[in-house]
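J.: Pasting a structure below so you can have a look.
The values are calculated or read from the model by the stated rules, or taken from the named source; none is laboratory data. Keep in mind the model is a prediction, meaning the values are calculated, not measured. Neighbour counts are summed over all protein chains in view; Cβ atoms, including those assigned to glycine, are modelled from backbone coordinates with ideal geometry.
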Amino acid sequence: MTDTVRLNTLKPGDKCLIIEIKATGITGQRLMDLGLIPGVVIEVVRNAPLVDPVQLLVRDNHISIRHSEAREIGVILL
Amino acid sequence: MTEIVVAVAGQPNSGKSTLFNMLTGMRQFVANYPGVTVEKRVGRMNYKGYKFMLVDLPGTYSMTSYSLEERIARNFLLKERPDIVLDVVDASNLERNLVLTFQLLEMKIPMVVVLNMMDAAESARIKIDVNGLSEELGVKVVPTMAKRGVGKAELCDALLDTYQLAGDINDFRLDYGPQLNRSLNVLQEALADDERASAYDLRWLAVRLIAGDEEVSKLFTGSLA
């Protein structure tokens, strides 16, 4: 069983499976609206420590979110 | 003669305003970034002897009550009850756009779906089974390329047909899985005798309550049914 890690800890080029969205309220809703839903596989395009945003490839779409939001997403590295 | 009121809804950057302009012949300000339309804009068109009033709602990713745009769009649909809601979908981004489509279907207003930007979808080699989608959703689905004015007559016909069949609201029901479906049914039954719920579709209310929607929860604060 692979451990769930937080999305903000991954490096560019990493692919992962979304396990859970910990954010609630408006942040959680918006992340899910953008296609970040448990069961979806995404790729990290850009992620540098302390520099926002984190850029992700979600079903052929590039989306950018904050580190603080990426921390709220639990994933399994593929 | 009464005007047929059509609310134009869609996610940011789905080409909603371009489509609105195609139908009404207006030159509304359109910019290539999301969040341009912040207030309600109204345009009119005539088709086959019928008068239509189109209301361009703010672009929203979903129909919750978190942002001002979402509240404006949702309150218009709930309070004004337009004759038709026209859901503008970016065909090149179907999966993400369907989130809003499902939420609109749950509001049980007669609906037409526009698959806009079909050219972008084609160049991304996306093929969409338009008839299959229409059957699954239970509403008319019309492909368009609003930027080039393609699909206008087909869309107007779909609006007219839907208006004339307004009695048959879609019987679309999203499957939330066994656990949530059960909770929704229980909640729906509890709401059936509640006066405060009478102006709304019960299934929609139940879904919004379980999602923790603040505005909907406010309807029921004070006592539990």
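J.: Given the condition touching a helix residue (DSSP H, G or I) at 6+ places or on another chain (Cβ under 9 Å), within 14 Å of chain B (Cβ to nearest Cβ) and either among the polar types (S, T, N, Q) or over 20 Å from B:ASN97 (Cα atoms) (or both), answer yes or no: does some residue in the stretch A:36-52 qualify?
T.: No: the stretch A:36-52 contains no residue that is touching a helix residue (DSSP H, G or I) at 6+ places or on another chain (Cβ under 9 Å), within 14 Å of chain B (Cβ to nearest Cβ) and either among the polar types (S, T, N, Q) or over 20 Å from B:ASN97 (Cα atoms) (or both).
J.: If A:GLN29 satisfies all but one of (1) more than 14 Å from chain B (Cβ to nearest Cβ); (2) surrounded by 18 or more Cβ atoms within 10 Å (Cβ to Cβ), what's the number of the condition it fails?
T.: Checking A:GLN29 against (1) more than 14 Å from chain B (Cβ to nearest Cβ); (2) surrounded by 18 or more Cβ atoms within 10 Å (Cβ to Cβ), the one that fails is (1).
J.: Strands (runs of 3 or more DSSP E) wholly in the stretch B:51-151 with at least 1 residues that are acidic (Asp, Glu) and within 14 Å of chain A (Cβ to nearest Cβ) - which ones?
T.: In the stretch B:51-151, the matching strands (runs of 3 or more DSSP E) lie at B:84-90.
J.: Then there is this: Would it be correct to say that B:ALA91 is among the small types (Gly, Ala, Ser), modelled with pLDDT of 90 or more and over 13 Å from the mean Cα position of the chain (by Cα)?
T.: Here the answer is yes, as B:ALA91 does meet what is asked.
J.: A follow-up question, please. Restricting to the stretch A:1-26, give me the number of residues that are within 12 Å of chain B (Cβ to nearest Cβ) and among the β-branched types (Val, Ile, Thr).
T.: Of the residues in that region, 2 qualify.
J.: Counting only residues that are part of a loop (DSSP other than H, G, I, E, B) and small (Gly, Ala, Ser), which one in the stretch A:25-78 is nearest to A:LYS15 (Cα to Cα)?
T.: A:GLY39
J.: Among the residues of the stretch B:152-169, what is the count of those that are buried (at least 16 other Cβ atoms within 10 Å of the Cβ) and either touching a Lys or Arg at 6+ places or on another chain (Cβ under 7 Å) or outside any helix (DSSP H, G or I) (or both)?
T.: The total comes to 4.
J.: Which residue is nearest to B:MET63 (Cα to Cα), if the candidates are limited to the stretch A:32-53 and must be crowded, with 18+ Cβ neighbours inside 10 Å and either of a type in the set (S, T, N, Q) or at pLDDT 95 or above (or both)?
T.: Only one residue tops the list, namely A:ILE42.
J.: Which residue pairs have Cβ atoms under 6 Å apart, sit 6 or more places apart or on different chains, and have a first residue in the stretch B:175-200 that is outside the structural domain of B:ILE109 (by TED's automatic domain parsing) and a second that is surrounded by fewer than 15 Cβ atoms within 10 Å (Cβ to Cβ)?
T.: Matching pairs, first to second residue: B:ALA190/B:ALA225; B:ASP194/B:ALA225.
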